[in-house]
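Heads up: the structure comes next, in structure tokens.
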Amino acid sequence: MRTAGAALSALSLVGVAALAGCSSGDPGDGVSRNAPAASSPSVSPSPSASAASGWNPSPGSVAAVGDSITRGFDACSVLADCPEVSWATGSDSLVRSLAVRLLGASKAADRSWNHAVSGARMVRLPEQMALAAKERPELVTVMMGANDACRDSVRLMTPVADFRASFEASMRQLRAGAPEAQVYVSSVPDLKRLWSTGRLNETGKKIWELGICRSMLADADDLGPAAVARRDAVQDRVVAYNEVLRDVCAKDRHCRYDGGAVFGFRFTGAQLSQWDWFHPSRDGQARLAEIAYRNITAAEPPT
């Protein structure tokens, strides 16, 4: 989700270049100090129910595919990936990634792999899946689709049919190399909520003006009919993408969709990067890890 590209190097113009870097507990890192960044989920695996459904709530290895969210982009420093805080495979103790929660810190270091690529759209997922399959993981996490909706204009958004074709090809690619791997598919985040939350911050709006996700975030204070229609079109496309993710996943007996949990998460400014008010902060990454762990270890898939 690096649509701003080199333009974000101008962040100093809006007074954010002096923010602290990625070190545990630094002020300004986006972590809520009112509660632990990642509390232990209350849901525990149910071996008997999971056995009946064929879903293993305790996989022994994790491979992640996706885009800049899974790479931890802009969570630690401006214009940089920070995979150590990735919700899926990171090692950061405040995030407690999915891999750490499932495997423990020591095993996660050797038994998890991150093949996500910042800026990737769904059309690039098949090649990531091919790399993930080579690891022979017991679980593959997928978070992809925000970049397909976040374009410079509504016209440039990925057509739903193309999105579906690429995701279906991705699943076939994985099954060719790892036929028994479980797949956990996260829904595409609610970009309209991102707009409604971030527009309350003046610094965030100035950063967005550099070109981040223009299809949704351009002219953030414009509430005229054309701007409203543009944002609604993006929202409708995200909803359609999530329907594709749900439908394609449902056809694979080893796939579990999050039931719209990420899309429905009511995130606040604390969960957004202070460098771009778009990507998840360290606290946001922790929430994504918590959602994934809860759904993967649940006896029944989310609905």
Exercise. Which of the residues that make up region 69-91 are under 10 Å from residue 116 (Cα atoms) and surrounded by fewer than 24 Cβ atoms within 10 Å (Cβ to Cβ)?
Worked result: 83
Problem set entry | Which listed residue, of 60, 90, 119, is closer than 26 Å to residue 252 by Cβ and assigned to a loop (DSSP other than H, G, I, E, B) | 60
For this session: Scan region 144-159 and give yes if some residue there is among the aliphatic types (A, V, I, L, M), touching a Lys or Arg at 6+ places or on another chain (Cβ under 7 Å) and part of a helix (DSSP H, G or I), otherwise no.
Result: yes
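A quick yes/no check of all residues on (1) more than 17 Å from residue 192 (Cβ to Cβ); (2) hydrophobic (A, V, I, L, M, F, W, C); (3) open to solvent by less than 20 Å² (accessible area, probe 1.4 Å):
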residue: 265; (1), (2), (3): no, yes, no
residue: 276; (1), (2), (3): yes, no, yes
residue: 293; (1), (2), (3): yes, no, no
residue: 300; (1), (2), (3): yes, no, no
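The values are calculated or read from the model by the stated rules, or taken from the named source; none is laboratory data. Just so we're clear, the structure is a prediction, and the values are computed from it rather than from any experiment. Note: ideal-geometry Cβ built from the backbone for every residue, glycine included; neighbour counts use all protein chains shown. These area figures cover heavy atoms from the full protein model, side chains too; ligands, DNA and RNA do not enter into them. Shrake-Rupley method; radii C 1.70, N 1.55, O 1.52, S 1.80 Å.
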